[in-house]
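The values are calculated or read from the model by the stated rules, or taken from the named source; none is laboratory data. Here the structure is a predicted model, which means the values were calculated and not measured. Please note: Cβ atoms are built from the backbone with ideal geometry, for glycine as well, and neighbour counts cover all protein chains shown.
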Amino acid sequence: MDQENVHSETLPQINIKPVGIIKQISPEIPELQKGVPGERNRNEASEILINDDLSGILDGIEDFSHLFVLYWGHRIPEEKRDITKCHPKGRQDLPLVGVFSTHSPFRPNPILATVVELLERKGNVLKVKDLDALDGSPVLDIKTFTKSWCPSGQVKVPEWVQELHRGNRDL
């Protein structure tokens, strides 16, 4: 298979329209207010407000326990979007790796993803738990999460990821 170099001028233009917005119910911690990743109590409830003009788009979603939420890191500064390598979680004791090897929000397109537990639906509002987004983050898409999305075989991760898990730290 031939490999081709991809140049940004040959790629198609993409326009994304947000479908809603994140509303954090509890106050944010200072690091998150600055748009910098930090630790938050992910067990606290949050809301996802879906645009009123998308009536019916949530029908049936209340039958699922978990959702896969894609959102835009709207407070990531433009200069942080040029980063190609980083130390995971900003920890210098972890290896310097490519951004796509991490869950860092500092990426060329700050499209972020998380799995949340759906607590309830009221009209166009989803009350969820485990959402790691900032207040006001535009929601790009929501998909239902099922076990069939999970790999059925052994999942390979590098030693530094295993160390983070052993330390009970959030990736």
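For segment 120-130, indicate whether the set of residues that are under 29 Å from Asn51 (Cβ atoms), small (Gly, Ala, Ser) and out of contact with any strand residue (DSSP E or B) (no Cβ under 6 Å at 6 or more places or on another chain) is non-empty. Checked segment 120-130: at least one residue is under 29 Å from Asn51 (Cβ atoms), small (Gly, Ala, Ser) and out of contact with any strand residue (DSSP E or B) (no Cβ under 6 Å at 6 or more places or on another chain).
Could you please let me know if Val99 is among the hydrophobic types (A, V, I, L, M, F, W, C) and touching a helix residue (DSSP H, G or I) at 6+ places or on another chain (Cβ under 9 Å)? Step through it out loud before you land on a result.
On the way: among the hydrophobic types (A, V, I, L, M, F, W, C): yes; touching a helix residue (DSSP H, G or I) at 6+ places or on another chain (Cβ under 9 Å): no.
The answer is no for Val99.
Among the criteria (1) of a type in the set (Val, Ile, Thr); (2) over 26 Å from Ser148 (Cα atoms); (3) in contact (Cβ under 8 Å) with a residue 60 or more places away in the chain, the one Thr84 does not fulfil is (3).
For segment 128-160, the set of residues classified as touching a residue at least 40 places away in the same chain (Cβ under 8 Å) and among the aliphatic types (A, V, I, L, M) consists of Val128, Leu131, Ala133, Leu134, Val139, Leu140, Ile142, listed by residue number.
Selection of segment 124-160 for residues being within 14 Å of the chain's Cα centre (by Cα) and at pLDDT below 90 yields only Asp132.
Among residues of segment 87-108 that are on the phi > 0 side of the Ramachandran plot and surrounded by 15 or more Cβ atoms within 10 Å (Cβ to Cβ), none has a beta-carbon under 9 Å from a residue that is part of a strand (DSSP E or B) and modelled with pLDDT of 90 or more at least six positions away or on a different chain. Taken over segment 149-161, residues that are exposed (fewer than 11 other Cβ atoms within 10 Å of the Cβ) and part of a helix (DSSP H, G or I) amount to 1.
Within segment 127-148, one or more residues are part of a helix (DSSP H, G or I) and at negative phi.
Quick check on my filter: what residues within segment 98-123 are part of a loop (DSSP other than H, G, I, E, B), over 13 Å from the mean Cα position of the chain (by Cα) and either modelled with pLDDT under 95 or within 15 Å of Ser46 (Cβ to Cβ) (or both)?
Pro108, the sole residue that qualifies.
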